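Reading through the structure tokens given below for one structure.
The values are calculated or read from the model by the stated rules, or taken from the named source; none is laboratory data. Since this is a predicted model, take the numbers as computed values, not measurements. We place every Cβ from the backbone using ideal geometry, glycine too, and count neighbours over all the protein chains shown.
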Amino acid sequence: MPNLLLLIHVPLAFALLCLGLPFSWLRLASLAAGAVVHLGVVAWTWWVPSVGGTGAYLGLDPLGHLFLTLISVLFAATSVYFVGYHQKRLVSQRVFLACVLVLLAALSLVCLSRQIGLLWVAMEAASLAATPLIYFRLGPRALEATWKFVLMNSVGIALALLGIFCIAVSAGASEGGAVSLTVSDLIAGAARLDPVWLRAGFLLALVGFGTKMGLAPLHSWKPDAYGEAPPPVAALLAGGMTLGAFTGILRVYQICNAAGLAAFAGFWLMVFGLLSLAVAAVFIVGHNDYRRILAYTSVEHMGIMAVGIGLGASGSYATMLHALHNTLNKGVLFFLAGFVWRTYHSTRIRDVAGMLHRFPAAGVVLLAGLCATCALPPFGMFFSELGVLLAAAEQSRWWVVGVFTFTLAVVFVGVMTAMLPMVFGDPPVAAAGEAVGPRWRRTAMLAPAGVLALLALALGTYQPRAVTEALAAAAACVSAPGASERVAVQDPVEVLP
Amino acid sequence: MNTQMIVDSVLVLVILLDLAMLAVSRLATCIRLFALQSLLLALLPLAATTGRGEIPGLHEITVAAGALGLKVILLPRILLRIIRTGEIHQEIEPFIGFTASVLVGAGLVIGSFAVTRGLPLPVDRISDFLPPVSAATILVGLLILISRVKAVTQVVGFLVMENGIYLFGLLLLEQTPLLVELGILLDLFVGVFIMAIVVYHIRREFDHMDTHLLDTLKEA
């Protein structure tokens, strides 16, 4: 039985190695090793069915397990990618690589924590570790993006803390003495929670973690940060950190659900979700910067996940499926964005047209990523978005169906008209400034993107039974009524080493 | 004068400091006022427990010492140092003028008292003033954050807001585990430290700390 603390200690140990090792290639190897060993430990937790927890603080429930696995896969792919992406002139590679691994450790802790205070601490640690990563390119533009990121996220996370305090006050109503802030205890005693304070707590936590997740109208840092950070970092933020923030929202939603406030919580999730979809649709159309377009597709996908959870039990399976494919897809697209950036040194779409001519392999993977992000059928997002739509129709929420379909159509047209020329268009005549770099570099960048794209395609066409079960368990964990949920959650916690 | 009265008057002082921070234009004064507010807040849990005739436990002492070391000594020193080396002392042309922002701040204080009066407060509290003062401090912090131009003042705004949340957290002092609170303090420290580094870079990059120059990134 693996010790869950390994998931946090392993990346931290390799982060220390990154700080200490004398040669650049050794440090890159240490990054890759840290991420791959982490993935190995995660695989181990799936292999051994009963998973050990450490007291009331750490434990793996199906939801945390699923998200942990997604984050780990993304980090492993990114660490390989980074070997190809890395260039000598990066300023302090030690700090950068160490921060990537600290981010992995913090996000693992978010997925593992069974106590919402601890979850908050881990989430804040994750965003602090991400800040130096965004500022990595230096210069005024990166600085502006970093300042916006730090300030908005700090305010957001402070509001989330206030929300957690409100939940603690609502629990204090019944118990008087010490309040346990573990998710399972709060769910068990949900009927006795004070509803006024719980509502206030949910809204504050939704706004706070929603800022980190990038739900509109709190998304304004997102295009800047994703546009200015190195693309592999943007992939980690869009595919990994958003999942961590979403975990925060889901934990609070679980408590509200058990306390009978699912309708209230669902309504606000849908409001924020649909608003995000609308904002993404408005800003994607007519854009000329491919990385900012990708950032807005991230806003869109976060919106879809919020709407899916807001629809309750019938939408939550689709949400988990969407989370899975979102992580794979954001990895593919931002890896490709990094490849394009390294090759053409431009973020404008018209400078980088005609990838299929110049780099056929990259062109094909980019096309696959675009089709996946626009939810074309062989890819999994088609099924997840269809699932959300069906759930909305099943509950006769026609305004949700209407806004959802319309905005997705606009996003589809916007992304495809803007980005298809990158694949098919005529290559620019003055193809100056191209520094293709050695072949192994290109391979190291394209291989992880290709693997993630193939994985997405394979899971879209044939989804193994184990994957379906894991997704369904995570979905049940979020939206099942209190009683059955409690058993599912407490089991792993009580099996102590 | 019993302890209840002391605690209540400390909370009134906290509100007055909120308004004072809205009124001053010298950055150094603003930071010192924040340090004074933090000092009052750090001593509050100790005063409350001794007032009840108990000896402060390890938990109260650790939290008070952490807040004291961090928000009264360390963070103000870092911020003052940035100002001193940058030779920038005044907040110039805020988005909302000083008089206007004091009036808005007073409105926020009245609003906080009006709103929190209606809320049922289930837990034991050290003073009836705690929820409204905490809400007012959070709102004033947000006001400073959005209405000021200098990056350093925005950081102070964030810290004032955090003071308000800390005050609200005092409601739950006995109920939250020490580990989590230490984590919160640590995160706060690292967060402000990173902000200070970013402010330093902003100054080096643009030769001053005005954030209104940070507006190149927007939709074309």
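Of the residues that sit in the range A:190-223 and are more than 24 Å from A:Ala126 (Cβ to Cβ) and away from every other protein chain (no Cβ under 13 Å), which one is surrounded by the fewest Cβ atoms within 10 Å (Cβ to Cβ)?
As a first pass, look at the range A:190-223 and keep what is more than 24 Å from A:Ala126 (Cβ to Cβ): A:190-200.
Adding the requirement that they be away from every other protein chain (no Cβ under 13 Å) leaves A:190-191.
On the way: A:Ala190: 22, A:Ala191: 10.
Applying the filter and picking the extreme gives A:Ala191.
Please work out if B:Ile83 is modelled with pLDDT under 85 and either buried (at least 18 other Cβ atoms within 10 Å of the Cβ) or within 18 Å of the chain's Cα centre (by Cα) (or both).
Details: modelled with pLDDT under 85: yes; either buried (at least 18 other Cβ atoms within 10 Å of the Cβ) or within 18 Å of the chain's Cα centre (by Cα) (or both): yes.
For B:Ile83, the condition - modelled with pLDDT under 85 and either buried (at least 18 other Cβ atoms within 10 Å of the Cβ) or within 18 Å of the chain's Cα centre (by Cα) (or both) - is met.
Hey, A:Leu269 hits all of (1) within 14 Å of chain B (Cβ to nearest Cβ); (2) part of a helix (DSSP H, G or I) but one; which does it fall short on?
Going through (1) within 14 Å of chain B (Cβ to nearest Cβ); (2) part of a helix (DSSP H, G or I) one by one, A:Leu269 breaks only (1).
Every residue in the range A:348-389 that is free of Cβ contacts under 8 Å to residues at least 40 places away in the same chain, in a helix (DSSP H, G or I) and within 27 Å of A:Ala472 (Cβ to Cβ), please.
A:Cys371, A:Leu389
Quick one: which residue in A:Ala160, A:Ala225 is touching a residue at least 60 places away in the same chain (Cβ under 8 Å), in a helix (DSSP H, G or I) and within 23 Å of B:Leu167 (Cα to Cα)? Please lay out each step first, then the result.
Values: A:Ala225 fails: within 23 Å of B:Leu167 (Cα to Cα).
After applying the criteria, what remains is A:Ala160.
Give the range B:103-156 a look and list any residue that's of a type in the set (A, V, I, L, M, F, W, C) and in a loop (DSSP other than H, G, I, E, B), or say none.
Of all residues in the range B:103-156, those of a type in the set (A, V, I, L, M, F, W, C) come to B:103-104, B:106, B:108-110, B:113-115, B:119, B:121, B:123, B:126, B:129-130, B:133, B:135-136, B:138-140, B:142-146, B:149, B:151-152, B:155-156.
Of everything in the range B:103-156, those that are of a type in the set (A, V, I, L, M, F, W, C) and in a loop (DSSP other than H, G, I, E, B) turn out to be B:Leu119, B:Leu121, B:Val123, B:Ile126, B:Phe129, B:Val149.
So, in the range A:406-451, of the ones that are in contact with a Ser or Thr (Cβ under 9 Å, 6 or more places away or on another chain) and surrounded by fewer than 19 Cβ atoms within 10 Å (Cβ to Cβ), which residue ends up modelled with the lowest pLDDT?
Residue satisfying both the conditions and the ranking: A:Gly433.
For the range A:102-148, how many residues meet the condition of being more than 9 Å from chain B (Cβ to nearest Cβ), at pLDDT 90 or above and touching a Ser or Thr at 6+ places or on another chain (Cβ under 7 Å)?
3
Any chance the range A:307-317 includes a residue that's under 19 Å from A:Leu74 (Cα atoms) and touching a residue at least 12 places away in the same chain (Cβ under 8 Å)?
First, the residues of the range A:307-317 that are under 19 Å from A:Leu74 (Cα atoms): none.
No, the range A:307-317 has no match at all.
Against the condition under 18 Å from B:Leu130 (Cα atoms), in contact with a helix residue (DSSP H, G or I) (Cβ under 8 Å, 6 or more places away or on another chain) and assigned to a helix (DSSP H, G or I), how does B:Pro45 come out, does it pass?
Numbers: under 18 Å from B:Leu130 (Cα atoms): yes; in contact with a helix residue (DSSP H, G or I) (Cβ under 8 Å, 6 or more places away or on another chain): yes; assigned to a helix (DSSP H, G or I): yes.
Yes.
Tally the residues that are of a type in the set (A, V, I, L, M, F, W, C) and more than 9 Å from chain B (Cβ to nearest Cβ), restricting the search to the range A:149-161. Break it down into steps so the answer makes sense when it comes.
Keep residues of the range A:149-161 that are of a type in the set (A, V, I, L, M, F, W, C), which gives A:149-152, A:155, A:157-161.
Add one more test, that the residue is more than 9 Å from chain B (Cβ to nearest Cβ), and what stays is A:149, A:152, A:160.
Looking only at that region, the number is 3.
Let me confirm something: among A:Ala98, A:Ala129, which residue is more than 17 Å from the chain's Cα centre (by Cα) and either surrounded by fewer than 24 Cβ atoms within 10 Å (Cβ to Cβ) or of a type in the set (A, V, I, L, M, F, W, C) (or both)? Break it down into steps so the answer makes sense when it comes.
Numbers: A:Ala129 fails: more than 17 Å from the chain's Cα centre (by Cα).
It is A:Ala98.
Within the range B:17-50, count every residue that is among the hydroxyl-bearing types (Ser, Thr, Tyr) and buried (at least 17 other Cβ atoms within 10 Å of the Cβ).
Of all residues in the range B:17-50, those among the hydroxyl-bearing types (Ser, Thr, Tyr) come to B:25, B:29, B:38, B:49-50.
Those still in the list that are buried (at least 17 other Cβ atoms within 10 Å of the Cβ) too: B:38, B:49.
Counting residues in the range B:17-50 that are among the hydroxyl-bearing types (Ser, Thr, Tyr) and buried (at least 17 other Cβ atoms within 10 Å of the Cβ) gives 2.
Go through the range B:183-220 and give me each residue that's modelled with pLDDT under 75, buried (at least 18 other Cβ atoms within 10 Å of the Cβ) and small (Gly, Ala, Ser).
Correct list: B:Gly183 only.
Going by the structure shown, is B:Val14 buried (at least 19 other Cβ atoms within 10 Å of the Cβ), in a helix (DSSP H, G or I) and within 15 Å of the chain's Cα centre (by Cα)? I'd like the intermediate steps shown before the answer.
Numbers: buried (at least 19 other Cβ atoms within 10 Å of the Cβ): yes; in a helix (DSSP H, G or I): yes; within 15 Å of the chain's Cα centre (by Cα): yes.
For B:Val14, the condition - buried (at least 19 other Cβ atoms within 10 Å of the Cβ), in a helix (DSSP H, G or I) and within 15 Å of the chain's Cα centre (by Cα) - is met.
Quick check: is even one residue across the range A:79-100 within 13 Å of chain B (Cβ to nearest Cβ) and assigned to a loop (DSSP other than H, G, I, E, B)?
The first filter runs over the range A:79-100 and keeps only residues within 13 Å of chain B (Cβ to nearest Cβ), leaving A:91-92, A:95, A:99.
Filter once more, so that each one left must be assigned to a loop (DSSP other than H, G, I, E, B): A:91-92.
Yes, the range A:79-100 contains a residue that is within 13 Å of chain B (Cβ to nearest Cβ) and assigned to a loop (DSSP other than H, G, I, E, B).
What number of residues within the range A:348-380 are more than 13 Å from A:Ala453 (Cα to Cα), buried (at least 19 other Cβ atoms within 10 Å of the Cβ) and under 27 Å from the mean Cα position of the chain (by Cα)?
3
Report yes if some residue within the range A:85-93 is charged (D, E, K, R) and under 18 Å from B:Ile194 (Cβ atoms); otherwise report no.
So the first thing to find is which residues in the range A:85-93 are charged (D, E, K, R), and the list is A:88-89.
When the remaining residues are screened for being under 18 Å from B:Ile194 (Cβ atoms), the result is none.
Looking through the range A:85-93, none of the residues is charged (D, E, K, R) and under 18 Å from B:Ile194 (Cβ atoms).
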